[in-house]
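Q: I'd like to ask you about the structure that follows.
The values are calculated or read from the model by the stated rules, or taken from the named source; none is laboratory data. For clarity, every value in this text was computed on a predicted model and none was experimentally measured. Note that we place each Cβ from the backbone using ideal geometry, even for glycine, and neighbour counts take in every protein chain shown.
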Amino acid sequence: MNFIEEMIGVTIELNQEEMKEKIVKFLLEEEILLKGYQIIRDILILTDKRIIMVDYIGVRGRKVQYHMIPYQSINRFVIDSPGTLDTDYTLKLYIKGSLEPLEKQLKKNIDIYELNHIIFSHII
């Protein structure tokens, strides 16, 4: 991701090697990487078993939160489309036993229908 893409907040689709490089220590041997996105510094990766969200916290991003969400723990999910003033999609994952959803902002240059298909096909 170049400087201009970082400044305007473009969502970049990651290839297989880039995804593996970001989360290699968390992957199971037989786990298959399906789709990955980098949103400024944060990362969203969908595998055949779970969704992995990597959140870099703070100005320098030294603190990192890794959210591992197995598909079977997702009750429902919502994708909010961008409005007039809001230029981002919002992915909301409602997890069993949690009152508040996990949210991830996604820029509108991604194929939201493909994202929907991958998640929905794994939770039904």
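Q: Of all residues being among the hydrophobic types (A, V, I, L, M, F, W, C) and over 20 Å from Ile45 (Cα atoms) in the range 78-103, which is nearest to the chain's Cα centre (by Cα)? Just the residue, please.
A: Taking the range 78-103 and keeping what is among the hydrophobic types (A, V, I, L, M, F, W, C), we get 78-79, 85, 91, 93, 95, 99, 102.
When the remaining residues are screened for being over 20 Å from Ile45 (Cα atoms), the result is 85, 99.
Values: Leu85: 22, Leu99: 20 Å.
Selected residue: Leu99.
Q: Being among the aromatic types (Phe, Trp, Tyr) and exposed (fewer than 15 other Cβ atoms within 10 Å of the Cβ) is the filter here, so list the residues in the range 94-121 that pass it. Before you say what the answer is, go through the steps one by one.
A: To start, the set of residues in the range 94-121 that are among the aromatic types (Phe, Trp, Tyr) comprises 94, 113, 120.
Passing the criteria: Tyr113, Phe120.
Q: Condition first: surrounded by 14 or more Cβ atoms within 10 Å (Cβ to Cβ), assigned to a loop (DSSP other than H, G, I, E, B) and in contact (Cβ under 8 Å) with a residue 40 or more places away in the chain. Can you find one or more residues in the range 15-38 that meet it?
A: Of all residues in the range 15-38, those surrounded by 14 or more Cβ atoms within 10 Å (Cβ to Cβ) come to 18-20, 22-23, 26-27, 31, 33-38.
Narrowing the set further to residues that are assigned to a loop (DSSP other than H, G, I, E, B) leaves 27, 31.
From the residues that got through so far, the ones that are in contact (Cβ under 8 Å) with a residue 40 or more places away in the chain too are none.
Within the range 15-38, not a single residue is surrounded by 14 or more Cβ atoms within 10 Å (Cβ to Cβ), assigned to a loop (DSSP other than H, G, I, E, B) and in contact (Cβ under 8 Å) with a residue 40 or more places away in the chain.
Q: Next question. Suppose we keep only residues that are polar (S, T, N, Q) and assigned to a helix (DSSP H, G or I) within the range 81-124. Which one would you say is nearest to Tyr71 (Cα to Cα)? Lay out the reasoning, then the answer.
A: First pass over the range 81-124, keeping only residues polar (S, T, N, Q): 81, 84, 87, 90, 98, 105, 109, 116, 121.
Now restrict to residues that are assigned to a helix (DSSP H, G or I): 116, 121.
Working: Asn116: 13, Ser121: 10 Å.
So the residue we want is Ser121.
Q: Condition test on Asp80, is it among the acidic types (Asp, Glu), under 20 Å from Val10 (Cβ atoms) and without any contact (Cβ under 8 Å) to a residue 24 or more places away in the chain? So that I can check it myself, show each step before the final result.
A: Values: among the acidic types (Asp, Glu): yes; under 20 Å from Val10 (Cβ atoms): yes; without any contact (Cβ under 8 Å) to a residue 24 or more places away in the chain: yes.
So Asp80 fits the description; yes.
Q: When you go through (1) modelled with pLDDT of 90 or more; (2) of a type in the set (D, E, K, R); (3) within 13 Å of the chain's Cα centre (by Cα) one by one for Glu31, which number turns out not to apply?
A: (3)
Q: Taking the conditions exactly as written (modelled with pLDDT of 90 or more, of a type in the set (Lys, Arg), under 15 Å from the mean Cα position of the chain (by Cα) and surrounded by 12 or more Cβ atoms within 10 Å (Cβ to Cβ)), does Lys49 satisfy them or not?
A: Values: modelled with pLDDT of 90 or more: yes; of a type in the set (Lys, Arg): yes; under 15 Å from the mean Cα position of the chain (by Cα): yes; surrounded by 12 or more Cβ atoms within 10 Å (Cβ to Cβ): yes.
Considered against the rule, which asks whether it is modelled with pLDDT of 90 or more, of a type in the set (Lys, Arg), under 15 Å from the mean Cα position of the chain (by Cα) and surrounded by 12 or more Cβ atoms within 10 Å (Cβ to Cβ), Lys49 comes out as yes.
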